[in-house]
Amino acid sequence: MMAENLPLDFTADESLSGFRLQCLEVFNWGTFDGRVWTLRADGRNALLTGDIGSGKSTLVDAVTTLLVPAHRVAYNKAAGADARERSLRSYMLGHYKAARSDLGGTGRPVALRGPNSYTVILAVFHNAGYDQTVTLAQVFWLKDPAGQPQRLYAVAERKLSIARDFADFGTDIARLRKLLTPTEN
């Protein structure tokens, strides 16, 4: 008996349903240092390729940080790494290698940024079926140079960008909160 060819067109509507990633932006996240780096997916499937150490897992971990509760995030799983290899703090400070002293022993991580810097990860999602856009963002900074990062969550029902909406606040998080809070007319 011959199998009948069935069309795989599950919907008559050609629009992309659900909230789909439009773009991901990172600033001072992992080795993406000093400027805004953008990955554009435009609501389509995307394939990350590149050499070992080029940042593929770093970008996956940025999306994971935005979407998964903080206590459930396991960093660098995409690369099959040890759970202790990466942390929110190591991504924020931009650890990229371990330097050994002349006396030997274990290596100390080398950071691209100091404790007075800040990190932003941001993703814009769009639902074409309902013509809705939402932006999720998190800002990280260190109150205590030896402590864990503090975080500010931002959610907006519009497209935000790091360059436009998360700039001109220095490291004053209270000022950033004021800049992000919509004013009523």
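The values are calculated or read from the model by the stated rules, or taken from the named source; none is laboratory data. Treat the numbers as computed from the prediction; the structure is a model and nothing was measured. Every residue, glycine among them, receives a Cβ derived from its backbone with ideal geometry; neighbour counts consider all protein chains shown. Accessible surface is based on the protein model in full, side chains and every heavy atom, while ligands, DNA and RNA are left aside. Shrake-Rupley method; radii C 1.70, N 1.55, O 1.52, S 1.80 Å.
Assorted remarks:
- Tally, over region 46-72, of residues that are free of Cβ contacts under 8 Å to residues at least 24 places away in the same chain and of a type in the set (Ser, Thr, Tyr): 3
- Within region 115-126, if we keep just the residues that are within 16 Å of residue 172 (Cα to Cα) and of a type outside the set (Val, Ile, Thr), the residue that is surrounded by the fewest Cβ atoms within 10 Å (Cβ to Cβ) turns out to be 116.
- When region 93-129 is limited to residues that are at pLDDT 90 or above and among the aromatic types (Phe, Trp, Tyr), the one that is farthest from residue 54 (Cα to Cα) turns out to be 125.
- Exclusive hit being open to solvent by less than 40 Å² (accessible area, probe 1.4 Å) and assigned to a loop (DSSP other than H, G, I, E, B), set 129, 170, 147: 147
- Of all residues in region 78-87, one or more are at pLDDT 90 or above and under 22 Å from residue 35 (Cα atoms).
- Residue pairs whose Cβ atoms lie under 6 Å apart, separated by 6 or more positions or on different chains, with the first residue in region 22-45 and within 25 Å of residue 171 (Cα to Cα) and the second of a type in the set (Ser, Thr, Tyr) and surrounded by 19 or more Cβ atoms within 10 Å (Cβ to Cβ), are 28/117; 28/119; 29/91; 29/119; 30/58; 30/91.
- Some residue of region 44-54 being touching a Leu at 6+ places or on another chain (Cβ under 6 Å) and modelled with pLDDT under 95: no
- Of all residues making up region 24-47, the number that are under 24 Å from residue 97 (Cβ atoms) and loosely packed, with under 14 Cβ neighbours inside 10 Å: 2
- Residues that are more than 22 Å from residue 141 (Cβ to Cβ) and either touching a strand residue (DSSP E or B) at 6+ places or on another chain (Cβ under 7 Å) or of a type in the set (S, T, N, Q) (or both) within region 56-75 comprise just one, 57.
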